[in-house]
Amino acid sequence: MQADGGPAEAATLSGLVEQFRGGGAAPAVIALDESGSVITQTYAGIADEISRLAAGLLSRGLSNGAMILLWAPNSPEWVIAYLAIMTSGNVVVPLDDQISAAELDAVMRHSRPVCVVTVARHLQELEACNADARARCILLDEDRDDSPGWRRVCADATANTFPAAEPDRVASMLYTSGTTGTPKAVPLTHANLTSNVNALIAAKLISASDRVLVPLPLHHAYPATVGVLTTLASGAALVLPSGISGAELTAAARLGRATVLLGVPRLHAALIESVEAAVRGRGYVARALYRVLMRVSIALRRGLGIRAGRLLFRRVHERIGADLRIMASGGAKLEAALAWKLEGLGWEVLTGYGLTETSPVVTFNTPGRKRLDSQGVPLAGVEIDFETVPDQAHGEILVKGPNVFSGYWKNEAATRAAFTEDGWFRTGDLGYLDTEGFLHVVGRSKEIIVLPDGVNVSPEEVERVYETSPFIREVAILEKEGSLVALIVPDDEAIRQRGAMREKELLRDEIEQAMLALPSYQRVAQYRLTRRSLPRTRLGKLQRHLLPEILEQAIRPAAAPPQAEFSAEDRQLLESTTVSAVWQWLEERFEATGVALDSSPQLDLGIDSLEWVTITSEVEQKFGIALSARALSQVVTIRDFLKAIDAAERQPSMPRGPAPAEKQRYLEDPPLPLRVLGWLLLGLNRILMKALFRLRVVGASQLPSVGPFVITPNHASYLDPSAVAAALPRRLLRNVCWAGWARKMHTGPVSRTVSRATRVFPVDPDQDLGGGIRLGLKALTDGRVLVWFPEGRRSLDGAIQPFMRGIGALLEETRVPAVPVRVYGSLEAWPLTRRWPRLRPVTVVFGAPQTVDTLLAEGKGHDAPARICDRLERCVKDLTV
């Protein structure tokens, strides 16, 4: 830093620290502690503390390139120790504050450090790993007799000068994050690091007036080089939050007056999700307005370069940080769609690409030159080339420049494999340069899945499609026995908001819907659900070498483990006599599989939406607790269920029995104006189905002359209800009631009016299947003809899906006949992938009525509803044209 506050190039990191004194009283590091207090250290102040600690290290005989581990959480002291170790001519080895005992032991054996700079809570772990290293500790958080604090080391310092650091001398040794399970030691020289810093400063990413918020763990190359070194070399201020929760980040942004947020894609995705979750909580009008404003803002930004988001979303900026203007992202690829949402909200998005071995930045989207669908252009002095990869459309990215390391420490084999014969570093990533010089990274060559037919699949590309579902929190694509398999982690909160009574079916629908956006060779052959978070590095990259074990556990789940020790909150919940009794009852009921408070009723215990009706009826009979459909729809874990029991006990019971009157009216004959509308709609439907789709009807003569009975068609297309309605004789049509999905047929005034006119009553299998069954019972009790689609969902390929148990319960209760129906041609006429139908012939085949006794006698299953469903499903499958 020059005396006027402007940045100047430094050849070594020692020279960089010398420039800090020119910053004087300007803030260098702004940190928030757990109480929310703001601690500010000036440039002159940290320059003095860095120099004194460097002198203290030398006075202890730590010199001549000694390896010194830095193992501590983010803090101003971490920054001071990081720079002091390098200033003293030694090598800093920064470690993850959350490193495992096994990883720590491996690093200790490999690097053989002469000293460990750490915090008191790590002393016991360190002693268990290496007693000698425990005796050579310097603490950043306190001063002890057996382990001196860093300020005592500073006080003991006697050296006034520091050894001259040559540019090619190693400054830092970083251990790669281990996404493949084989971390390697990467030595970076003063020249490597300063070349990156000087190039980033030249690109004018930030200025001396900026304040850069860095919530990432500083031991990684990206936050260390870009967040710490470049920020301080620019004369800007480094802002460190007290933690990484949303509240802690927004507090740091506001109180630290941050102008730049240095993040990773997962952090930016979480920020967008928090904004959109707040919008969703304000209702339909707010959601619609948000979508419109976002489209307008992005269009203005794309077309005219106008950044309207700061005005249109002013409240968002006030809540997160009014001074925040730049969202910088690295560590992994930021998808263009997410980047444009951030731009739409009013922030400037800067992204880049790099690796630990390249110090780390290779390319960057700069303020003056960027394309959000790319990873930017090469930094000054950095060259990019490509090496052909067999069977790949794009080559492996090669890099050469002053930022590239010289080779892995004590690993000649890995070094030889990492470089070409003429000295280019192989990144292991696939990509290409477009005509304007922007780099596009398309995947990682080592992670490419090669299928038995020779087709190559990038798992990241497929994962991005599945992650568009709001109900999927994480997804990983693996290869198993020659096919693609997806490991899915559900988003419990999103499912809870939607209604959790059909969690398994909901997730299946989302996965199959996503598959339609993929070519056939990228579609998964099977998927497995897990509630475990997928293993990731601290920067959010999947550790793919750990995924096969998780997949095997998901494929062959063992019985639930014994309940872990209850938390204080759990113990308080179970203090209720009723809750404790229900918990004991659940343990007895699921003794064979085992049950824990974290068990998922659907995914772990196999409780479907109809069995919930049975369980809640038993709870009401045994314990006198009646749960509302709304309360049940929020249950994602057994803990949620017990909380619902506790809440219901504290307030009056919800009435059970008949469905509410406002829903029963859909079963009644509508008023004359709506009745006329219904006749017109049904008549027009009959004309259109026959004229446009050449409707053919087979077996209608087998239909009973009067109700009550149930019609059970297969379901492959939106055309199916229209086809069945047009195929029914007029004598029956005027007495028909239809079970309609509440989220499709009862979402607005127009759809509710049409449903009332045609007697379509609401069924919501996600939140209140019991209510839909009660309405069906009422219709049959009144002598109506009921049309019920037993699959509960459309088939993607036309194959008949398993019948859901609701139809079995209805028939067991009413003992009315069931008429199997099969619709042919509707999928070809209107497949799920098309917005509008096409003119194709449709045929409706009616089967002979089946009595409940026959279905029970010929069906297979563990109870009556299951046997009824099994036989009825086979009856529909057996129908032919």
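The values are calculated or read from the model by the stated rules, or taken from the named source; none is laboratory data. What you see is a predicted model; the values in this text were computed from it and never measured. Cβ placement follows ideal geometry from the backbone for every residue including glycine, while neighbour counts extend to all protein chains displayed. Ligands, DNA and RNA are stripped out before the accessible areas are found, and what is left, the full protein with its side chains, is counted by its heavy atoms. Shrake-Rupley method; radii C 1.70, N 1.55, O 1.52, S 1.80 Å.
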Failed item in (1) surrounded by fewer than 16 Cβ atoms within 10 Å (Cβ to Cβ); (2) over 25 Å from residue 825 (Cα atoms); (3) hydrophobic (A, V, I, L, M, F, W, C), with residue 677 passing the rest: (1)
Can you name the number of the only condition in (1) open to solvent by 60 Å² or more (accessible area, probe 1.4 Å); (2) over 24 Å from residue 281 (Cα atoms); (3) in contact (Cβ under 8 Å) with a residue 24 or more places away in the chain; (4) of a type outside the set (A, V, I, L, M, F, W, C) that residue 468 fails? (2)
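Any chance you could count how many residues in region 229-251 are closer than 23 Å to residue 270 by Cβ and either buried (at least 22 other Cβ atoms within 10 Å of the Cβ) or not aliphatic (A, V, I, L, M) (or both)?
Within region 229-251, residues that are closer than 23 Å to residue 270 by Cβ and either buried (at least 22 other Cβ atoms within 10 Å of the Cβ) or not aliphatic (A, V, I, L, M) (or both) number 12.
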Considering only residues that are in contact (Cβ under 8 Å) with a residue 60 or more places away in the chain, open to solvent by 10 Å² or more (accessible area, probe 1.4 Å) and in a helix (DSSP H, G or I), which ones fall in region 108-143? 110
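For region 747-755, indicate whether the set of residues that are outside any strand (DSSP E or B) and either of a type in the set (Asp, Glu) or touching a Lys or Arg at 6+ places or on another chain (Cβ under 9 Å) (or both) is non-empty.
For region 747-755, residues outside any strand (DSSP E or B) and either of a type in the set (Asp, Glu) or touching a Lys or Arg at 6+ places or on another chain (Cβ under 9 Å) (or both): present.
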Any residue in region 88-99 that is assigned to a helix (DSSP H, G or I), modelled with pLDDT of 80 or more and closer than 23 Å to residue 539 by Cβ? no
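Let's see how each residue does on (1) modelled with pLDDT of 80 or more; (2) of a type in the set (A, V, I, L, M); (3) open to solvent by 50 Å² or more (accessible area, probe 1.4 Å):
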site: 604; (1), (2), (3): no, no, yes
site: 616; (1), (2), (3): no, no, no
site: 622; (1), (2), (3): no, no, yes
site: 625; (1), (2), (3): no, yes, no
site: 629; (1), (2), (3): no, yes, no
site: 640; (1), (2), (3): yes, no, no
Out of all the residues in region 262-279, is one or more touching a Leu at 6+ places or on another chain (Cβ under 9 Å) and over 26 Å from residue 33 (Cα atoms)? yes
How about region 761-818: which of its residues are within 16 Å of residue 712 (Cα to Cα), in a loop (DSSP other than H, G, I, E, B), open to solvent by less than 10 Å² (accessible area, probe 1.4 Å) and not hydroxyl-bearing (Ser, Thr, Tyr)? 790, 791
Go through region 830-857 and give me each residue that's farther than 22 Å from residue 686 by Cβ and surrounded by 15 or more Cβ atoms within 10 Å (Cβ to Cβ). 831, 832, 849, 850, 852, 854, 855, 856
Quickly run through region 252-297 and pick out the residues that are of a type in the set (D, E, K, R) and either exposed (fewer than 13 other Cβ atoms within 10 Å of the Cβ) or on the phi < 0 side of the Ramachandran plot (or both). 254, 266, 273, 276, 280, 282, 287, 291, 295
On the basis of being within 30 Å of residue 626 (Cα to Cα) and either at pLDDT 90 or above or not basic (Lys, Arg) (or both), does residue 688 make the cut? no
The one condition residue 404 fails out of (1) more than 32 Å from the chain's Cα centre (by Cα); (2) outside any helix (DSSP H, G or I); (3) surrounded by fewer than 19 Cβ atoms within 10 Å (Cβ to Cβ); (4) of a type outside the set (Gly, Ala, Ser) is (3)
With polar (S, T, N, Q), more than 34 Å from the chain's Cα centre (by Cα), closer than 19 Å to residue 152 by Cα and part of a helix (DSSP H, G or I) as the only criterion, which of 63, 14, 51 stands out? 51
Among the residues of region 182-209, which ones are under 21 Å from residue 95 (Cα atoms), out of contact with any helix residue (DSSP H, G or I) (no Cβ under 7 Å at 6 or more places or on another chain) and part of a loop (DSSP other than H, G, I, E, B)? 182, 183
Among the residues of region 692-706, what is the count of those that are within 18 Å of residue 721 (Cβ to Cβ) and open to solvent by less than 30 Å² (accessible area, probe 1.4 Å)? 4
Out of all the residues in region 532-553, is one or more surrounded by 16 or more Cβ atoms within 10 Å (Cβ to Cβ), over 24 Å from residue 429 (Cα atoms) and out of contact with any Asp or Glu (no Cβ under 9 Å at 6 or more places or on another chain)? yes
Suppose we keep only residues that are under 26 Å from residue 833 (Cβ atoms) and free of Cβ contacts under 8 Å to residues at least 40 places away in the same chain within region 480-511. Which one would you say is least open to solvent (accessible area, probe 1.4 Å)? 507
Which numbered condition trips up residue 432, out of (1) farther than 30 Å from residue 505 by Cβ; (2) open to solvent by less than 40 Å² (accessible area, probe 1.4 Å); (3) part of a strand (DSSP E or B); (4) modelled with pLDDT of 85 or more? (2)
Cβ pairs under 6 Å, 6+ apart, first in region 238-262 and over 17 Å from residue 224 (Cα atoms), second of a type in the set (Asp, Glu) and not in a helix (DSSP H, G or I): 242/33; 242/34; 257/323; 259/210; 259/323
Checking residue 727 against (1) more than 28 Å from residue 861 (Cα to Cα); (2) open to solvent by less than 40 Å² (accessible area, probe 1.4 Å); (3) touching a helix residue (DSSP H, G or I) at 6+ places or on another chain (Cβ under 6 Å), which test does it fail? (3)
Scan region 210-227 and tell me whether some residue there is on the phi > 0 side of the Ramachandran plot and either assigned to a loop (DSSP other than H, G, I, E, B) or aromatic (Phe, Trp, Tyr) (or both). no
Would you confirm, using the coordinates I've provided, whether residue 611 is among the acidic types (Asp, Glu), modelled with pLDDT of 75 or more, under 21 Å from residue 772 (Cα atoms) and in a helix (DSSP H, G or I)? no
Looking at (1) assigned to a helix (DSSP H, G or I); (2) β-branched (Val, Ile, Thr); (3) touching a residue at least 40 places away in the same chain (Cβ under 8 Å), which is the one condition that is false for residue 711? (1)
Given the structure, is residue 280 touching a His at 6+ places or on another chain (Cβ under 7 Å) and of a type outside the set (A, V, I, L, M)? no
For the subset of region 858-881 comprising residues that are more than 17 Å from residue 801 (Cβ to Cβ) and not in a loop (DSSP other than H, G, I, E, B), which member is most open to solvent (accessible area, probe 1.4 Å)? 858
Scanning region 57-85 residue by residue, those in contact with an Asp or Glu (Cβ under 9 Å, 6 or more places away or on another chain) and modelled with pLDDT under 90 turn out to be 59, 60
Can you confirm whether region 208-221 contains a residue that is of a type outside the set (Lys, Arg), under 22 Å from residue 21 (Cα atoms) and open to solvent by 30 Å² or more (accessible area, probe 1.4 Å)? yes
